[in-house]
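Computed from the coordinates by the stated procedures, all read-outs in this text should not be read as laboratory data. Source: prediction; values computed, not measured. When we count neighbours, we look across all protein chains shown, and the Cβ atoms used for this are built from the backbone with ideal geometry, even at glycine.
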Amino acid sequence: MAQFVRKIGNISLYYLHDIGRMGFFLFFALTGVFKRPFRFGALVRQIRLIGVNSFWVIFFTGAFTGMVLGVQGYYSLRKFGSEGLLGSAVALSLFREMGPVLTALMVTGRAGSAMCAEIGIMRNSEQLDALECMAIDPFRYLITPKFLATIISIPILTLFFDLFGICGGYFAGVGLLGVNPGAYFSGMESSVVNKDINLGIIKSFVFALLIVWICAGRGYFVHVIRNAGYGAEAVSKVTTQAVVFSSIAILIWDFLITSVLL
C-alpha cells in the first residue's frame, strides 16, 4: 500500500513539475520577442516552412471539405425544400468550426511534428547546450521565431481554407447538383456576419499558440520526458505525444471558445 501511494505521489509530482516547466517555457518564448537584436530573417524562414509550405495541404483539405459540405448539405436541405440555403450552411460551417479546426490539425501533422522532431534532435545532439555555452539565448535564437511564425501563419491559412472550402462547396452544389448560383451567394451574404468570421480568427490564434507551445516544448524537454527513452526512440515518442496532445488541446479549446463566444 505504501509503495502504491509513493508511486501515485511521484507521478503527481512529475506532472506538476511538467506543467510548471511548460509554463516557464511559454513565458521565456514570448519574452524573447522583446529581446534585441530581433531575428527577422529567421522569422521569414519559419513563416515559409510553417505557412507557405503548408499551402497545398490547406488547398486540398479546404477544397474537398467544402465539396463534402456541399453534397451533404444539399441532400439534408433538400428534405425541407431549402436548397437555396446551401451557401449559408457551407460558409457558417467553415468560418465557425471546420476552417480553424482542420487548418490547425493539418498544420500540427505537417509542421508541428517537424518542429518537435527538429528541436528534440538538437537537444539530444547537445546543440541547444552548445548555444547556451556560447552565451546565445536558445529561446531568442530558435524558439521565438517559431512562435511568431506559427501565430502569423495559421490565421492566414485559415482564411485560405475558408476561401477554398466555399469554392469547393460552390463546385459541388452549383456545378454538380444544380443549386442556383445566385441563391448560393445571397444566402451566404445574408447569414454570415462579422462575428462568425471573428470567431474563426480568434480560434485560429489560440490554436496556433497551442500547437507551437506543445510541439516546441515537448521537443525542448525531450531529455526529461517520462518513459520517453533515449536517442532516436525518445524523439519519435515525444513527437507522437506532441501531435496527440496538440490535437486534443485544439478540440478542447474549440469547445471552450465556442461555448464562451458563440
**Reach of K195 by Cα under 22 Å, taken over lysines that are not fewer than 8 positions away in the same chain** = K203
**Item:** Calculated SAXS-style log₁₀ I(q)/I(0) at q = 0.32 Å⁻¹ - region 125-172, Debye, Cα scatterers
**Value:** -1.02
**Message:** Need one number: convex hull volume per residue for region 166-208, Cα atoms only, in Å³.
**Reply:** 69
**Asked** For region 149-262, what value does the Rg/Rh ratio take when both radii are computed over Cα atoms and Rh is the Kirkwood radius, given to two decimals?
**Response** 1.15
**Request:** Excluding residues fewer than 8 places away in the same chain, name every one of the lysines whose C-alpha is closer than 18 Å to that of K146.
**Result:** K35
**Request:** Sort 211-217, 23-29 for me by packing, meaning the mean count of neighbouring Cβ atoms within 10 Å per residue, highest on top.
**Result:** 211-217, 23-29
**Item:** Rg/Rh (Cα only; Kirkwood hydrodynamic radius) as it applies to region 183-228
**Value:** 1.40
**Asked** Of all the C-alpha pairs in region 43-156, what % are more than 24 Å from each other?
**Response** 45
**Request:** Find how many whole Å separate the alpha carbon centroid of region 161-223 from the alpha carbon centroid of region 63-112.
**Result:** 8
**Prompt:** On average, how much area does the Cα convex hull of region 140-200 cover when viewed from any direction, in nm²?
**Reply:** 5.3
**Request:** Would you kindly derive the ³J(HN,Hα) couplings of region 18-26 from the backbone phi angles with the Karplus curve 6.51 cos²θ - 1.76 cosθ + 1.60 (θ = phi - 60°), listing them in order in whole Hz, with x for Gly and Pro?
**Result:** 5, 4, x, 4, 5, x, 5, 4, 4
**Complete:** P(r) of region 29-77 over all Cα-Cα pairs, 10 Å bins starting at 0, rounded to whole percent, reads 21, 27, 20, 17, 12, 3
**Equivalent ellipsoid, region 41-261 (semi-axes from 5 times Cα gyration tensor eigenvalues, Å)** = 40, 16, 14
**Message:** Taking θ = phi - 60°, what integer Hz values does the Karplus form 6.51 cos²θ - 1.76 cosθ + 1.60 yield along region 84-89, in sequence order, with x for Gly and Pro?
**Reply:** x, 8, 4, x, 5, 5
**Request:** Go through region 188-202 residue by residue and turn each phi into a ³J(HN,Hα) via Karplus (6.51, -1.76, 1.60, θ = phi - 60°); whole Hz please, and just put x for glycine and proline.
**Result:** 5, 5, 7, 9, 7, 10, 4, 4, 5, 5, 4, 4, x, 5, 4
